[in-house]
Amino acid sequence: MSEERYDAGMAVRRSVLGDAHVDRAEARKTEFDADFQRFITEGAWGSVWTRPGLPRPTRSLLTLVILASLGHWEEFAMHIRAARNTGATRDEIKEALFHVAVYAGVPAANRAYGLAKGVYQELDAEGGSER
């Protein structure tokens, strides 16, 4: 079961984050963090993101709201980029960040809007975002 969960998790991870991102992460993996990387792939990607109960865009929005609420800005920016692959739109993300303002605080939402805006500017300059 664990190998199946890992393989399913890796497939979703690649689908959401993109092959280039995952390849870079895999290339940086060492003996020290290999078990942790496997844990993330099986747990987050293979156990949660593969569940049938929510569509991928909803999972993406939930992830963004949680990351912004907790101030995990590097991961937040990564998942803004990943939203291109999940089907979550800019308008949906904009609306989700209003929830961050109300339930986690305006400073967190303000930072999230600023980071998202910066990521979108980068993606637009690269021609890499149609949403």
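The values are calculated or read from the model by the stated rules, or taken from the named source; none is laboratory data. Just so we're clear, the structure is a prediction, and the values are computed from it rather than from any experiment. Every residue, glycine among them, receives a Cβ derived from its backbone with ideal geometry; neighbour counts consider all protein chains shown. Please note that ligands, DNA and RNA were not included when accessible areas were found on the heavy atoms of the full protein model with its side chains. Shrake-Rupley method; radii C 1.70, N 1.55, O 1.52, S 1.80 Å.
Listing for the model above:
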read-out	value
When residues of segment 51-77 are limited to those that are assigned to a helix (DSSP H, G or I) and open to solvent by 70 Å² or more (accessible area, probe 1.4 Å), the one nearest to Ser15 (Cα to Cα)	Arg56
Cβ pairs under 7 Å, 6+ apart, first in segment 47-72 and of a type in the set (Val, Ile, Thr), second part of a helix (DSSP H, G or I) and open to solvent by 80 Å² or more (accessible area, probe 1.4 Å)	Val65/His99
Filter pass, Val100 being within 28 Å of Ser2 (Cβ to Cβ), assigned to a helix (DSSP H, G or I) and open to solvent by less than 20 Å² (accessible area, probe 1.4 Å)	no
Hits in segment 46-67 (condition: within 11 Å of the chain's Cα centre (by Cα) and among the hydrophobic types (A, V, I, L, M, F, W, C))	Trp49, Leu61, Leu62, Leu64, Val65, Ile66, Leu67
Any hit, segment 105-115, residues being among the aliphatic types (A, V, I, L, M), under 17 Å from Val12 (Cβ atoms) and modelled with pLDDT of 95 or more	no
Pick from segment 1-50, criterion more than 16 Å from Ala82 (Cα to Cα) and among the small types (Gly, Ala, Ser), ranking: most open to solvent (accessible area, probe 1.4 Å)	Ala27
Residue among Arg56, Arg28, Arg90, Arg84 that is basic (Lys, Arg) and over 20 Å from Tyr120 (Cβ atoms)	Arg28
